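Here's the structure, in structure tokens; my notes come after.
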Amino acid sequence: MTFPLDNLLSLDPVAVLLVTTTIVVFVVPIFILFPPVPVDTEDVLGQTHSKLGLESSTTALPHRINEQVGLSPNEARIRSLWVYPVKSCKGIELSKSKVLPTGLEHDRLYTFAALSDSPGEDDDNVWRFQTQRQLPLLANVTVDIWVPDVNKTSRALGRPKEGFLVLKFPWTDDGWRRTLQRFTAKLSRGWSAIPQKEFILPLEFPSAEEQNRQGYGYADVKVWKEVVKALDMSKEIPPELARYLGVKGKLGLFRMDPAVKQREVYRCAARKETLGYQPIVDFQDAYPLHLLSLQSISALESVVQKDENMDYLDPRRFRANIIVSGSKPYDEDAWKTIRCVPRDDEHGDICDFNVSCRTVRCKLPNVNPDDGVRHKAEPDHALRHHRNVDLGAPKHGCLGVQMVPIFPNAEGADVNELSLIIAVGMSIEVLERGEHVYIPQ
């Protein structure tokens, strides 16, 4: 009996060479034109840019709140800093950040919005901002910030000056493409990887020339009861995103223009007569900064009704900018003015903040930041029953506080030139205490 291997060994070497050459000639161009693993945007940007933020494996947040170590109740410090460049999408954890009048640098620059065309409404055809309240799957849209790196240069790309946001969301096409996309994702990023769709946005506000070139225009966007004029960049949204999020109408994307009058903050915030400038925001809900205490999260977690869909209370559910550790539970409820002071071995500025009010919670924290699944009850149930503590917001739960920055010599200064540096590890001094009464929107 002759085995296939014997037949192969008996072939003419010249014939084998010809067959191999023929296969290579036909296959190699196919792999060049249609590579099994496409070039990754991050590989290209990595030649000239660096990505801001901490990797998830190096997060400063404990996996479980009861894993807190190293700080006594009298040693309150900044534990973690977060920005959310696109409202309601995944956040970026930082070790330090600039503090601007609008909050932390790069925070809430963009918002998604939906176009209302309901008949009979007074504001038909008005864009309304959208968050995880309406679109919980926004929690699965990742955002990375890439900034030019002066230590990098590319022979082909030169040394770009622009920064970018790279947005990714889970997506597969129908049919045979689904299998191919799954295979490609695992081949390029590991067995647990899933296919993603991505798109890129500018980090800096587009110039007038760029607006004309891209065909951007301005439109009114309704944020709660306010109507603001913002740059319409909806054409940058891939059509697959609206389908992924479950948007039935038209999905828009808007950028606040820093040259146009931004949303001024009043209500509970300190006024210009005190601060030297009137607080402003981009697409934050109401105030420039949101502070949260891990000890307060731990206290709330003790009354949350756990189940298979929530076995612990993740601080990321509350989307704070500044997360502190070491204060007593709910002690921040009585803060009126605080100071963040760098340690001797740290770079940063002494940063003062006016604590404007408590943060009145909606049901957004019910959304799991890992998968965009909304819990049917918690932590909203626990907040309403155990944190109904503000006379200005009856029947609502409160957790965390809203703040505005205080800048030295702000009186008469250009608001766009005011900035400070804040960093993880700074100690927190409470300069003033008092009562808070929330003023609704």
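Brief remarks follow.
- Test: residue in the stretch 163-183 that is small (Gly, Ala, Ser) and in contact (Cβ under 8 Å) with a residue 40 or more places away in the chain: yes
- Which listed residue is small (Gly, Ala, Ser) and under 28 Å from residue 170 (Cβ atoms), from 302, 192, 298, 293: 192
- Taking the stretch 192-254 as the region of interest, the strands (runs of 3 or more DSSP E) fully inside it that hold 1 or more residues being under 21 Å from residue 285 (Cα atoms) are 217-223, 226-232.
- Taking each residue of the stretch 380-408 that is open to solvent by 70 Å² or more (accessible area, probe 1.4 Å) and looking for partners that are not aliphatic (A, V, I, L, M) with beta-carbon atoms closer than 6 Å, six or more apart or interchain, yields 384/397.
- Residue that is nearest to residue 419 (Cα to Cα), among those in the stretch 285-299 that are of a type in the set (A, V, I, L, M) and open to solvent by less than 10 Å² (accessible area, probe 1.4 Å): 289
- Top-ranked residue of the stretch 233-245 - restricted to ones that are among the charged types (D, E, K, R) and free of Cβ contacts under 8 Å to residues at least 40 places away in the same chain, ranked as least open to solvent (accessible area, probe 1.4 Å): 236
- Note on the stretch 313-347: residues that are at positive phi and within 21 Å of the chain's Cα centre (by Cα) amount to 1.
- Residues within the stretch 300-319 that are farther than 20 Å from residue 385 by Cα and crowded, with 18+ Cβ neighbours inside 10 Å, tallied: 2
- Flag for residue 425 being in contact with an Asp or Glu (Cβ under 7 Å, 6 or more places away or on another chain), touching a residue at least 12 places away in the same chain (Cβ under 8 Å) and surrounded by fewer than 17 Cβ atoms within 10 Å (Cβ to Cβ): yes
- Residues satisfying the stated conditions in the stretch 124-183, i.e. within 26 Å of residue 285 (Cβ to Cβ), assigned to a loop (DSSP other than H, G, I, E, B) and out of contact with any Ser or Thr (no Cβ under 6 Å at 6 or more places or on another chain): 124, 125, 133, 134, 135, 141, 163
The values are calculated or read from the model by the stated rules, or taken from the named source; none is laboratory data. Source: prediction; values computed, not measured. Note that each Cβ is placed from the backbone with ideal geometry, even for glycine, and that neighbours are counted across all protein chains shown. Just the protein is used for accessible areas: all its heavy atoms, side chains included, with ligands, DNA and RNA removed. Shrake-Rupley method; radii C 1.70, N 1.55, O 1.52, S 1.80 Å.
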